[in-house]
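One structure is given below, encoded as structure tokens.
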Amino acid sequence: MNLSFRGLFVMLALSASLMLSAVAFAQDDATPTPAPSKTPTVAPSPTATARPQRAQAQPSTQSDLTVLTGNVQRPNGITFLEGLLYTACSGDFTIYQIEAETGRTITYAGGIRNAHMIYAEMGEDERAVLWAPDFQMNQLVRVRPGNTQTIAGGLEGPWGIAPVSDDAFLITNLLGNTLVAVTREGDLRTVVDNLANPTGIVVAGDLIYVGNNGSTRRAIEWYPRETADAETPVSEAGGTIVSGVQNVTGLALDADGQLYFAYALGTRGVIGRVDPQACIEQGGCGNSEVEVVLFTELSAPLAGLTITPDNRLYVHTMFAPDIYWVQLP
């Protein structure tokens, strides 16, 4: 089956899955109990001290969101760098630059079909260089002002991206159920297989966090950073961070190391957060231990989860024109 059609089929399947979830929640409002994890866990170190629990505030709701009116028809995937947002439009295959406070929008480059996640860094000319997995074209592309270059092909529904070293990225393949390492020169190597429709990814210190859209039990897992150097693909995670939540998409860290993630509650998009280190030390956090920071009326799946250094959270629902933001406490 052509991978472009496979990608469309998977997205339709995800939408159908969310509709079924809505029926289930309508029939039973009780919080589901997560199934026992089958992945290995990490026992707390005997000398480890307990991490203080952050006081939970009331979650923000749709009424707390501010609409950032950018001139983008179908944004999908968003990132922040130096006061500017960058997003890929799946309607006209264009990358746009948006002023994060005013919404002023300019065309940055063309030639990318559909990017669920974008990584941005400052180039030598003090202008952003963007790295984006093109889900529709199964490629990793590098974007400079007015120029888009294909770096690597042969991906399988690439979704998430995170730098793992000075010269390599980790990319999740939603359709291939793999995690691959791709160098800036385009060399590609599979480092993890046996994932469950992986989406968002974060590299933090010595750990790699991966979201699995296709498994509630394995919603967010962790792997040692050295997994990126494995000569043969790894098939088992180091452990579970979060279980018992549905349809995880984006992952992001704030300045304090808290892990934020987008997921579905029925058909609604929700943003939750956990202390990933505390979850790892106790062998994983269930859904009752997830702090909900944002309930939205937006249809899941949410896309483009981005947190700025001053704790503004930006998010949008997939393919809808509006971009929203809220100031986190």
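Kindly provide the Kirkwood hydrodynamic radius of segment 188-261 in Å, to one decimal, from all pairs of distinct alpha carbon atoms.
12.4 Å
Just grab the label-to-label distance for A230 and R189, each label 7 Å out from Cα along the Cβ direction, in nm (one decimal).
For the pair A230/R189, the computed spacing is 1.3 nm.
Please work out whether segment 234-276 counts as rounded, prolate or oblate from its C-alpha gyration tensor, where a ≥ b ≥ c are the square roots of the eigenvalues and a/c under 1.5 means rounded, while otherwise a/b larger than b/c means prolate and anything else oblate? Don't jump to the answer; show the numbers that get you there.
On the way: a/c = 2.26, a/b = 1.16, b/c = 1.94.
Since a/c reaches 1.5 but b/c is at least a/b, the shape of segment 234-276 is classed as oblate.
For a quick check: with amide H placed at 1.01 Å from N, whose amide H comes under 5 Å from I220's, ignoring anything fewer than 5 positions away on the same chain?
Here the answer is N212, I241, V242, since their amide H atoms fall under 5 Å of that of I220.
If you take the beta carbon distance between Q62 and S165 as r and set R0 to 35 Å, what does 1/(1 + (r/R0)^6) give as a FRET efficiency, to the nearest 0.05? Provide the component values of the computation, followed by the final result.
Working: r = 40 Å, r/R0 = 1.13.
Efficiency for this residue pair is about 0.30.
Amide H of G284: which non-local residues (sequence gap of 5 or more, or other chain) have their own amide H closer than 5 Å, using H built in the peptide plane?
none
Just to check, using Stokes-Einstein with a Kirkwood Rh over alpha carbon pairs, what's the diffusion coefficient of segment 128-253 at 20 °C and 1.002 mPa s in µm²/s? Each step should come with its number before you reach the end.
Working: Rh = 14.3 Å.
Approximately 149 µm²/s, per Stokes-Einstein.
When 1/r is averaged over all different Cα pairs and the result inverted, which Kirkwood radius in Å belongs to segment 185-329? It would help to have the intermediate numbers written out before the result.
On the way: mean 1/r = 0.0643 Å⁻¹.
It is 15.5 Å.
All of the numbers you see were taken from the coordinates with simple rules; none came from a lab. Not measured: the values here are computed from a predicted model. Neighbour counts run over all protein chains shown; Cβ positions are idealised from the backbone, glycine included.
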